[in-house]
Structure formats: structure tokens, C-alpha cells
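Q: Following this message is one structure expressed as C-alpha cells.
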Amino acid sequence: MVSPFGNVDYLVINGAIGIGIAADAVIATIGRFRRFEKIWDALTWAAAIGMTHTVFPMIGLIGLWYAASSFPSLKAGIYGAGFLIMVWFIAEMIREIAGFEDDGEEDEAEEEQDALYQFLSQHSRFWAAVWAVSLDALVTGPGKTAATAQWTQAQVLGSFPLVGVVVFGLVMLSAWPAIALRRHWQANRFDNPQGLAWFTVIGSWIELSIFLYFAYLAVSEMLIALGVQPAVSEFLIAAGFSLITIVVLLLTLWQRVWGTQLHEAEELLRQ
């Protein structure tokens with residue numbers, strides 16, 4: 001039997017998925033630097049995030065993959081639905097990182113957190129934070145169905161722990177600068193909001209680029225399911241369009257995103 005992990009493209013795609021859904025967790029880890037007093041705190045946090053980022057994509061993706069594999073006539077609709085979910089998520093992400101939500105909307109959003117978040121926050125701030133950081137793994141799972149179009153059942157099942165390991169590793173790596181940042185902060189030596197803002201901005205653009213790729217890949221797979229045969233690989237098409245889109249977004253929103261993230265970094269360090 002051929003190992004599901006022996007295909008380079010397969011490993012690259014899963015690595016990209018892991019980086020995409022880990023980006024906000026890495027940013028959140030740095031943002032929680034005051035909570036990491038010792039390595040065990042970081043290990044517990046990374047393990048919890050790795051677990052949710054293994055299970056949540058499985059919930060959001062595996063049913064749609066099975067439907068697309070078993071009922072070819074539904075493929076176009078499933079990939080189209082995945083594209084719409086990704087577009088919604090990308091739009092929400094842009095609104096957040098660019099600060100398009102005014103203060104009133106943010107206050108209202110905080111008051112209307114989902115019931116599970118409210119329940120968790122009353123009993124455990126740790127698990128409430130894990131839930132908040134892991135929501136994207138649940139929401140974007142269906143949007144990644146297009147990436148599994150050519151996968152075998154073994155590859156689909158193997159992708160979940162593989163992505164979870166990538167997420168765990170990245171979050172654990174990000175815990176080291178978080179711990180160092182905490183020590184500097186305790187010693188009143190860290191007063192550089194620009195450095196923290198740069199980290200957040202770069203991480204956000206990486207995450208956005210990867211999600212754009214999967215959105216365009218869903219469109220490409222939808223067209224193939226409808227009988228349209230592209231002249232080049234659907235993966236190259238998705239990469240090309242995502243690159244063009246991210247360049248346009250950078251040219252139009254860079255200053256706003258930077259200003260918003262710098263302000264948030266300044267507020268975080270003042271707390």
C-alpha cells in the first residue's frame with residue numbers, strides 16, 4: 001500500500017493548510033505573552049490548539065469530501081459552497097485587520113459572543129481563548145474541500161493529524177518569543193509596539209494569502225466539475241489569482257492595516 005505521506009504535493013498542501021489556520025493562533029500566542037510564566041504553560045496552550053486544529057477541520061471537511069467523492073453530480077455545488085464560505089471568512093478577516101469595524105460595532109460584537117464562548121469564559125478563560133482562536137479551523141474546513149479533490153481516503157484521513165502537528169509545532173515555536181517578550185515586559189525593557197505590530201501584520205498577510213489560494217482553488221475545481229478544462233493546472237491558476245489579489249490588497253490597504261495593528265499593539269503594551 002502506498003503511504004499517504006509519500007507525495008510531495010500532498011505534504012506541501014497540508015503544510016500550507018497548517019500554516020494558514022495556525023497563523024492567527026501564532027499571533028494570539030504572542031498576544032498572550034503575559035500568561036506564559038513557564039514552558040509548561042506554553043506546552044499546554046500549544047497542545048490544546050493542535051488538538052482543536054486537528055478535530056475542527058475534520059468536522060468541517062470530511063463530510064463534504066465524502067459527498068463530493070460519492071456523488072460526482074454534487075461536486076460543483078460543494079466546491080462553490082466552499083468558495084462562498086472562504087470569501088465570507090476572508091472578508092471578515094480583512095475587516096478585522098484593517099479596522100473597518102468601528103468602536104460601537106466592536107462593543108456590540110463582544111456582548112454578542114456565541115453561547116459556547118460565554119459558557120467557557122465563565123468556567124475557564126484558557127478554553128474560551130482556545131475556542132476563539134480555533135473557530136477559523138472549523139469555519140474554513142469546508143473551503144478546503146477543493147484541495148482534497150484528487151486525494152485518496154487514506155490521504156484525507158492522514159491529513160488531519162498532519163495539519164495538527166504543523167499547527168502544534170508553529171504555536172510551540174511562537175511560544176518562545178512570547179516567553180522572552182514577557183520577561184522583557186516584566187523588566188520594563190519592552191517598549192517597542194512597532195516590532196509587535198510588524199509581527200502581527202506579516203502573520204495576517206500570510207494567513208490571508210493562503211486562504212485566498214484555497215478560495216480560488218475551489219473556483220477552479222468547480223469549473224472542472226462543470227466540464228471546463230483549463231489550459232494549465234488548477235493549482236497554478238489558484239496561485240496566480242491569489243498572488244494578484246494579495247498585491248492589489250497590499251497596495252490599497254497596507255497603510256490602514258499597519259495603522260490599525262500598530263494602535264492595537266500600543267494598547268496591548270499599555271494594559
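Q: Accessible area of S233, 1.4 Å probe, to the nearest 10 Å²?
A: 50 Å²
Q: For the stretch 158-271, what does the accessible surface come to per residue with a 1.4 Å probe? Please give it in Å².
A: 53 Å²
Q: Further, regarding this structure: Can you work out the FRET efficiency for the pair I94 and A154, with r the C-beta to C-beta distance and R0 = 41 Å, to the nearest 0.05?
A: Efficiency, rounded to the nearest 0.05: 0.70.
Q: Next up: Listed highest first by mean packing, meaning other Cβ atoms within 10 Å per residue, what order do 72-80, 162-170 come in?
A: Top of the packing list down: 162-170, 72-80.
Q: Can I ask one more? Along Cα→Cβ, 7 Å out, is where each label goes; now give me the distance between the ones at V12 and A180 in nm to one decimal.
A: So the label points at V12 and A180 sit 3.1 nm apart.
Q: If you don't mind, another one. May I ask you to rank H53, H184 by accessible area, largest first, using a 1.4 Å probe over the protein chains only?
A: Values: H53 0, H184 75 Å².
Order by accessible area, largest first: H184, H53.
The values are calculated or read from the model by the stated rules, or taken from the named source; none is laboratory data. Only a predicted model underlies this, so the values are computations on that prediction, with no experimental measurement involved. Please note: Cβ atoms are built from the backbone with ideal geometry, for glycine as well, and neighbour counts cover all protein chains shown. Side chains are part of the model used for accessible areas, which takes the heavy atoms of the whole protein and leaves out ligands, DNA and RNA. Shrake-Rupley method; radii C 1.70, N 1.55, O 1.52, S 1.80 Å.
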